[in-house]
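See structure below.
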Amino acid sequence: MRIQTPRLLSQHAFKTLMLSVSIMTALTGVAAAQTDGLPMQPSITSAMAAQSVMLSVARAGDRLVAVGERGFIIVSDDNGRTWKQVNSPVSMTLVRVRFIDDREGWAVGHAGVVLHSQDGGLSWSKQLDGVLAAAIELQEARQSIDSSTDADKAQERLSQAQQLVDEGPDKPLLDLLFVDAKNGLVVGAYGLAFVTHDGGLSWQSIRSHIDNPNGLHLYSIERVGTDLFIAGEQGTLLRSSDEGLTFESLASPYEGTTFGLQATSSGSILAFGLRGKAYESKDRGDTWQRLDTLQPITLTSGLRLEDGSVLLTDESGRVLRFKVGDTKASVLKITQPSYFTGMAQAANGNLIISSARGMLSSAGAVESPEHDQ
C-alpha cells in the first residue's frame, strides 16, 4: 500500500502531524503565504525555551546546541545539565541543526530558512529564506529554457518555479549536510534542494539534478564514504556518487515514508521511518536488510555513538540500540519518555535527547541495562 502524504494542512493539523510522525513532516510551516516578502522577526526571549518543543540537537565541540519551535536556539556548556537561550534572527520553527566542528554549524527550518553560526552556536545569521529560494528557482528555470534539449521538461520546471514564487515562502527545509566549511546541501518539502560552495553565501538549486519528478518531500540527507544519500516520502531513496552533482533513484525496500538516514561505523547506512520500519544496506543502497525494531512505532531520529552502535528513537519515547552487527534492537531504559525528535552524545558520554517537552539529559542511559520489549 502506497502511503499518500496530504499536500495541504492547516497549522493545527500540521502541529498534530509533527508529533505523530517524527515532528519532521513540516508540510506547511507558515499559516498564510507571504507573496510580497518574508517578514523576519527575531525569536522572542523565553524562560521556557528549554521546555518548549525542541526538534534537533547537535554537538559543537564540548557544547550542545538545540533548535525548535518559534526559532528557539538553546545551548549547554555542562553536558546538558543546564541550558541558556541565545539570540535567533527568526521566529519560525527550526527543524534541524548540524555542526562540522566546534565552531561552524547550520540550521534549517520553516519558510525555507538557513541559519549559520561561526562561534559554536552562540550567534546566528540568516543565509537563505523561502523568498530568495523561490527567486533562485525561477531565475535558473528561465535560464534553462534556451539551453534545454527537452522543451516540455524545461517549461514544466519554469511553471513549478513560478508557482513557488506565487505561493510564497510556506515550504520548510528539513535537513542539511555540510561536508566541509564551504560545501553543503539542504533539502526539504516538495522536492526543494539547494547546494552551496561558499559556505552559504550563495546557493544554487539542484532540483533538476535529482530524480524526483513528482516533487516528493525530502526528509533526510546523509553521507557514507564518498556517497550521498537522500530519503523522503513514498519510498523515495536517492544516491549520488559524484559529490552531489546528480542523484539517482534506488529501489526502496518499502513504499512508506523514510524520515531518517544514519551512517554506521562500518560503512553501511540505515534508513528508518513509518511504522517502525528500519533497513540496513551494506552495498551502497543496492540491497537492504530488514532490522527488527520490536514494535511498529514510527521512528523519528538516529545517532551513531562513539562505540559504533546506533540508536533510533520512536514517537512513543523508546530509544532502540543496535550494537555493531545486530539486526534486532534492544531498548534503553529512559525514565522520561516523550515524543523524541533528536539525539546527541555529550562530551562526557551522556545521551542528550530533544523532544516535544524540551531537552532530556539521560545520564548513564547509554550504559544502562538493556532489554527486549
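The values are calculated or read from the model by the stated rules, or taken from the named source; none is laboratory data. As the structure is a computational prediction, the values presented were derived from the model and not from experiment. We place every Cβ from the backbone using ideal geometry, glycine too, and count neighbours over all the protein chains shown.
Structure values in brief
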| read-out | value |
| --- | --- |
| Residue pairs meeting the criteria (Cβ under 7 Å; at least 6 apart or on separate chains; first under 13 Å from Gly358 (Cα atoms) and touching a residue at least 24 places away in the same chain (Cβ under 8 Å), in segment 45-71; second acidic (Asp, Glu) and surrounded by fewer than 24 Cβ atoms within 10 Å (Cβ to Cβ)) | Ser52/Glu69; Val53/Glu69 |
| Index of the failed condition, Asp146 passing every other in (1) surrounded by fewer than 18 Cβ atoms within 10 Å (Cβ to Cβ); (2) out of contact with any Ser or Thr (no Cβ under 8 Å at 6 or more places or on another chain); (3) farther than 20 Å from Leu177 by Cβ; (4) modelled with pLDDT of 90 or more | (4) |
| Answer residue from segment 329-369, given it is β-branched (Val, Ile, Thr), in a loop (DSSP other than H, G, I, E, B) and within 24 Å of the chain's Cα centre (by Cα) and is modelled with the highest pLDDT among those | Ile334 |
| Residue among Lys182, Lys153 that alone is farther than 21 Å from Phe272 by Cα, out of contact with any His (no Cβ under 9 Å at 6 or more places or on another chain) and of a type in the set (Lys, Arg) | Lys153 |
| Qualifying position, being within 17 Å of the chain's Cα centre (by Cα) and either part of a strand (DSSP E or B) or among the hydroxyl-bearing types (Ser, Thr, Tyr) (or both), among Tyr254, Tyr190 | Tyr190 |
| Matching residues in segment 111-156 - criterion: being among the polar types (S, T, N, Q) and either under 16 Å from Ser88 (Cβ atoms) or without any contact (Cβ under 8 Å) to a residue 60 or more places away in the chain (or both) | Ser117, Gln118, Ser123, Ser125, Gln127, Gln139, Gln143, Ser147, Ser148, Thr149, Gln155 |
| Lone unmet requirement of (1) more than 26 Å from Gly276 (Cβ to Cβ); (2) out of contact with any Lys or Arg (no Cβ under 6 Å at 6 or more places or on another chain); (3) at pLDDT 50 or above for Ala33 | (3) |
| Residue list for segment 190-249, restricted to those being among the charged types (D, E, K, R), touching a residue at least 12 places away in the same chain (Cβ under 8 Å) and more than 22 Å from Asp129 (Cβ to Cβ) | Asp211, Glu222, Arg223, Asp227, Glu233, Arg239, Glu243, Glu248 |
| Some residue of segment 157-179 being outside any strand (DSSP E or B), buried (at least 16 other Cβ atoms within 10 Å of the Cβ) and in contact with a strand residue (DSSP E or B) (Cβ under 6 Å, 6 or more places away or on another chain) | yes |
| Count of segment 89-113 residues which are hydroxyl-bearing (Ser, Thr, Tyr) and more than 19 Å from the chain's Cα centre (by Cα) | 0 |
| Filter pass, Asp326 being under 27 Å from Gly61 (Cβ atoms) and outside any strand (DSSP E or B) | no |
| Hits in segment 225-248 (condition: under 24 Å from Thr196 (Cβ atoms), surrounded by fewer than 18 Cβ atoms within 10 Å (Cβ to Cβ) and not charged (D, E, K, R)) | Gly225, Thr226, Ser241, Leu245, Thr246 |
| Near pairs, Cβ below 9 angstrom, 6+ apart or cross-chain, from segment 254-270 (within 13 Å of Thr300 (Cβ to Cβ)) to any residue that is surrounded by fewer than 19 Cβ atoms within 10 Å (Cβ to Cβ) and basic (Lys, Arg) | Gln262/Arg304 |
| Close pairs (7 angstrom Cβ cut-off, 6 or more residues apart or separate chains): more than 15 Å from Ser338 (Cβ to Cβ) and in contact (Cβ under 8 Å) with a residue 24 or more places away in the chain in segment 289-300, assigned to a strand (DSSP E or B) and among the basic types (Lys, Arg) anywhere | Asp292/Lys328 |
| Residue in segment 118-141 that is more than 17 Å from Ser43 (Cα to Cα) and of a type in the set (Lys, Arg) present | no |
| Residue in segment 44-59 that is at pLDDT 95 or above and charged (D, E, K, R) present | yes |
| Some residue of segment 208-227 being out of contact with any Phe, Trp or Tyr (no Cβ under 8 Å at 6 or more places or on another chain) and assigned to a helix (DSSP H, G or I) | yes |
| Identity of the residue in segment 270-314, of a type in the set (Ser, Thr, Tyr) and buried (at least 24 other Cβ atoms within 10 Å of the Cβ), that ends up farthest from the chain's Cα centre (by Cα) | Thr313 |
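Residue-by-condition table, conditions (1) of a type in the set (Phe, Trp, Tyr); (2) touching an Asp or Glu at 6+ places or on another chain (Cβ under 9 Å); (3) part of a loop (DSSP other than H, G, I, E, B); (4) modelled with pLDDT of 95 or more:
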residue	(1), (2), (3), (4)
Ala66	no, no, no, yes
Ser88	no, no, yes, yes
Asp101	no, no, yes, yes
Val108	no, yes, no, yes
Ser123	no, no, yes, yes
